[in-house]
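Participant: Mind looking over this structure? Questions follow.
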């Protein structure tokens, strides 16, 4: 098992003076511990992202603390870095301090200083609770290295490891408290589940397969034995064996239409040259980029069944609706994985062929472990990259670092979180033209793989939501049996805005509805949830998409260096965009670019 | 046109986390950006400097923000450095947030975090608004140079430029966000006006004339054609040609008295040896320093007319009353400019002979531009100068600098703003013995120079206030026509405490009253105002004065170095004290002292 790197130490030292009345709920004093970045927040009230404010004071307190957590995370600070909290409570009742258990859960073991101020009212009549924090983030000394890599996902880590192998000094600055980006594996009982990227294959994903061997990871073939369940609108709620067309066999006209559309799609897709998807047959390409994927399907006369099936496709693959992305963009995306059929396949050569028993984050942890000690700085979001004579100055939450070259590995839409000085207008326009999909997972754990007993693969498809597809993500050796439900695209948006308990109920209810006619559905024993849209440092998943007109305009900007800054990330890959394979390949490209620019490449 | 140096960058980075409800009025998070000095303020309420509190809540908010601005300025912080604001509002009404437009005007483009706390009451019943801030000032790395110059007025800049010419490394630390000290030129429409120092001449002010040539500045001869207007008490509200005695021609006894006193004054003045005003005829000097200028005039039997005329003199020249300064001090001061008659003259060789079309701040900007890049640190008040083995450590808001020698160029009374370690008891006593005058300007702009059409110079004299004198400060080539009104000495104090609109009304009303009988006074199209007494880094204008007994005690301390610290400034000059000429000459002397002490002077 590959060990994750340790989290950075706290910036604030908290303690109590001698001979003073102490409290279990706070410390009397905190001080910074060496050079620090100081973080202050505005008073956080219990408003949700959409501006609504729960009426329940307890929900308000929870939401306010969630907002405070977001503020700290965006600054690279953790709860452990908080020095001081001040909170204002309307209708405060000292006999019923209902904020306390919620706050204690938020703080964990940490006890910053705190001041509780009962108030008659707050800035708006509906606000009942407000909390603000001062935090301190310890600073590493400024250091000059050959290369700073921004982001420790697979692309950034790959680039960093390659550069160190070539003898360069590298600093990797990661905004989160972990490496891996959208590879994120969580321990559940005695097993592991992947809330982000989950699959590789052992043929055309050669980079990932090599890494799996290098880190001694165990591969699990995706279960495809048995039937899949189709919801109304895609096969009228029935099952059929894996690999068959997901359509109602009783309606031959619809089947013919779906097959026809799928064939045109696949044929058009196969004609794309991924090395330059716009250049050849420019007129057709420009036309395909000028319309959405949905408009293109409709122009081919696609019926309801074909539209539904391909909606499930764009949702499950990119978290967006067919109306939200350029037709050419999607064609190129699919071709990057060998075509639509191969990218969606769970079989040999397909995009979902092999899972990792230890979780896909093991790839990232493994790469992080290969870095020389001290190369990696977690919880250190980069807010500014200044190009200076002879290099660049990178300002991050935990220190300022100088380098001859910088590799930026964050998703394209997140370039806007960084101030580039001088500004990079082309990258800024690219960033604004890309959009990340709505992508969530709920992994539902059961005592047994009840679906298998009834000849089901555990796979399902629905155009209605809340989830679009499910997969069997069990690890038999660990006694781990789970179905992973993918909340993707339009239906995911309503679902994500629900209160947590309701999100869970919506998913388990849908599982019962889909599978209940064909199998005895067990009571879940645990669920793990991840909504990538809500993550400060993802803002969506798995790969940024472009709307009509932008792919022809910006695809040449995607990989272009800007002065001493280079850009990697799965969306900049030629092959397997949106997949771990694409991330690693883009990281290798970035490393090569830097080595060439510094005259360090092996000839 | 000489360009002003750019202002330093902000210490606080402000931003919003992803996926949170945002507000146009504040940012959710701020953090420091590299090493910073952290500034906190007390809660600022709407009390004026005299302790009075306006009843109007809007005026209280404005005053509280003005007080906050003063706090920040005194620390070297600008609005852009604010990370967090907390404000407390009595009788808060969420439907009428009247603090908001005032606060937005105060903040400009900056959006620190904020918390609004409605409260039932504050520390005193009349307080309705209180605001406190946390700010961060970015730090330059500690550096060792040959010389640190404290203050980038004309004296400090002159010293710095001379030292760099001699090959020394110099750092200039300036408290304000601009260079120039009391040279301050503001752009108004397509012209420039001087709210501080305004005149030079081309004969006995050779340093300034040389600088004007060096920077290619255009000189404007002060308008003296036509009559001046005299208020009641100085000529009983009449006009007479420029250069004639300002007295009522119908009262020959008064004229004789004024002429007699003026002659004694001028003759006594001419006998002063500016190189050592106390040494020769010590008994007489000691006597003249033991009484105020007013006491001396009275001892000579001066009548009301003479006393009034010379009151206008001390006010216009030093911002003080004849009862507030030592007779010897004033005699020496006048002699430094060649005598009372010459110093007050607007003609050839006089103190007010030539104005600068581009504004006098061009001298300072020009010198600043001659400094090597990176020598100048704005917004960096010095709070401590520590003499250490081999040099001195200078602690400023934006960094700590070490030097072999330090030149302090701030006005004598402001030495008290700096902690000297070890203490400098003589300089401290000197500082406490000097006092800056009340000096304000209101520059009133008109469409045409209406006064000229009626044979007036635009010059007036009044012993009654609010202003003591006026001058025509037009720039014909720019289509700029203005009268500058000098609010000076006793009458300036009441005026300065008025609310801004009332200050303007008092001035325009007085212009009408003085000039209305002799000319058709136009409606002003614009006014520019400057009250030097209210400035943190001036505390008055133009030159510190001493009361009885102090000049003999301290004049030898004025220019004396203290260890490795040297002192310059217009009040330390031999010639043209209180003028730009004196500042530049003192700066040259300071540079010479340092070069000699470091054995770097050209022999």
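The values are calculated or read from the model by the stated rules, or taken from the named source; none is laboratory data. This structure is a prediction, so every number in the text was calculated from the model and none was measured. No Cβ is skipped: glycine too gets one built from the backbone with ideal geometry, and neighbour counts run over all protein chains shown.
Participant: Going by the conditions given, is residue A:145 closer than 29 Å to residue A:382 by Cα, away from chain B (no Cβ under 14 Å) and surrounded by 24 or more Cβ atoms within 10 Å (Cβ to Cβ)?
Facilitator: The answer is no for residue A:145.
Participant: From B:55, B:77, B:64, grab the single residue that is surrounded by fewer than 20 Cβ atoms within 10 Å (Cβ to Cβ) and more than 13 Å from every other protein chain (Cβ to nearest Cβ).
Facilitator: Details: B:77 fails: surrounded by fewer than 20 Cβ atoms within 10 Å (Cβ to Cβ); B:64 fails: surrounded by fewer than 20 Cβ atoms within 10 Å (Cβ to Cβ).
Of B:55, B:77, B:64, the one residue that is surrounded by fewer than 20 Cβ atoms within 10 Å (Cβ to Cβ) and more than 13 Å from every other protein chain (Cβ to nearest Cβ) is B:55.
Participant: Taking segment A:104-136 as the search range and keeping residues that are closer than 20 Å to residue A:24 by Cβ and in contact with a helix residue (DSSP H, G or I) (Cβ under 7 Å, 6 or more places away or on another chain), which one is farthest from the other protein chains (Cβ to nearest Cβ)?
Facilitator: Checked segment A:104-136; the qualifying residue farthest from the other protein chains (Cβ to nearest Cβ) is A:108.
Participant: For segment A:19-42: of the residues being part of a loop (DSSP other than H, G, I, E, B) and at the interface with chain B (Cβ under 7 Å from one of its Cβ atoms), which is surrounded by the most Cβ atoms within 10 Å (Cβ to Cβ)?
Facilitator: Applying the filter and picking the extreme gives A:42.
Participant: Need the failing condition index for residue B:96 against (1) over 28 Å from the mean Cα position of the chain (by Cα); (2) within 14 Å of chain A (Cβ to nearest Cβ); (3) not in a loop (DSSP other than H, G, I, E, B), just the number.
Facilitator: The failed condition is (3).
Participant: Go through (1) in a loop (DSSP other than H, G, I, E, B); (2) more than 29 Å from residue B:317 (Cα to Cα) and name the single condition residue B:400 misses.
Facilitator: Of (1) in a loop (DSSP other than H, G, I, E, B); (2) more than 29 Å from residue B:317 (Cα to Cα), only one is false for residue B:400: (1).
Participant: Here's something else I'd like to know. Determine, yes or no, whether residue A:399 is within 11 Å of chain B (Cβ to nearest Cβ) and surrounded by 20 or more Cβ atoms within 10 Å (Cβ to Cβ).
Facilitator: Yes.
Participant: Restrict the check to segment A:125-140 and report whether at least one residue is on the phi > 0 side of the Ramachandran plot and surrounded by fewer than 18 Cβ atoms within 10 Å (Cβ to Cβ).
Facilitator: no
Here is a yes/no grid of residues against (1) within 25 Å of residue A:72 (Cβ to Cβ); (2) within 11 Å of chain B (Cβ to nearest Cβ); (3) crowded, with 22+ Cβ neighbours inside 10 Å; (4) in contact (Cβ under 8 Å) with a residue 24 or more places away in the chain:
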site	(1), (2), (3), (4)
A:364	yes, no, yes, yes
A:370	no, no, no, yes
A:376	yes, no, yes, yes
A:382	yes, no, yes, yes
A:393	yes, yes, no, no
A:406	no, no, yes, yes
A:409	yes, no, yes, yes
A:414	yes, yes, yes, yes
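Participant: Identify all residues within segment B:213-246 that are in contact with a helix residue (DSSP H, G or I) (Cβ under 8 Å, 6 or more places away or on another chain) and modelled with pLDDT under 80; write none if there are none.
Facilitator: Those that are in contact with a helix residue (DSSP H, G or I) (Cβ under 8 Å, 6 or more places away or on another chain) and modelled with pLDDT under 80: B:233, B:234, B:237, B:245, B:246.
Participant: Here's another thing I want to ask about it. Given the criteria within 14 Å of chain B (Cβ to nearest Cβ), crowded, with 20+ Cβ neighbours inside 10 Å and part of a loop (DSSP other than H, G, I, E, B), does residue A:176 qualify?
Facilitator: The answer is yes for residue A:176.
Participant: Follow-up. From the set of residues in segment B:1-18 that are more than 32 Å from the chain's Cα centre (by Cα) and outside any loop (DSSP other than H, G, I, E, B), which is farthest from the other protein chains (Cβ to nearest Cβ)?
Facilitator: This residue is B:14.
Participant: Separate question: May I ask you to verify whether residue A:571 is touching a strand residue (DSSP E or B) at 6+ places or on another chain (Cβ under 7 Å), in a helix (DSSP H, G or I), under 25 Å from residue A:425 (Cα atoms) and outside the structural domain of residue A:319 (by the TED database)?
Facilitator: no
Participant: Given segment A:425-533, what strands (runs of 3 or more DSSP E) lie entirely inside it while holding 1 or more residues that are touching a residue at least 12 places away in the same chain (Cβ under 8 Å) and crowded, with 24+ Cβ neighbours inside 10 Å? Give the steps one after another, and end with the answer.
Facilitator: On the way: elements: A:439-446, A:456-461, A:469-472, A:481-488, A:526-531.
Result: A:439-446, A:456-461, A:469-472, A:481-488.
Participant: Residues A:90, A:145, A:149: which one is in contact with a helix residue (DSSP H, G or I) (Cβ under 9 Å, 6 or more places away or on another chain) and within 30 Å of residue A:365 (Cβ to Cβ)?
Facilitator: Details: A:90 fails: within 30 Å of residue A:365 (Cβ to Cβ); A:145 fails: in contact with a helix residue (DSSP H, G or I) (Cβ under 9 Å, 6 or more places away or on another chain).
On inspection, the qualifying residue turns out to be A:149.
Participant: Shifting gears a bit: Scan segment A:43-52 for residues that are touching a strand residue (DSSP E or B) at 6+ places or on another chain (Cβ under 7 Å), assigned to a loop (DSSP other than H, G, I, E, B) and more than 7 Å from chain B (Cβ to nearest Cβ) and jot them down.
Facilitator: Matches in segment A:43-52: A:46 only.
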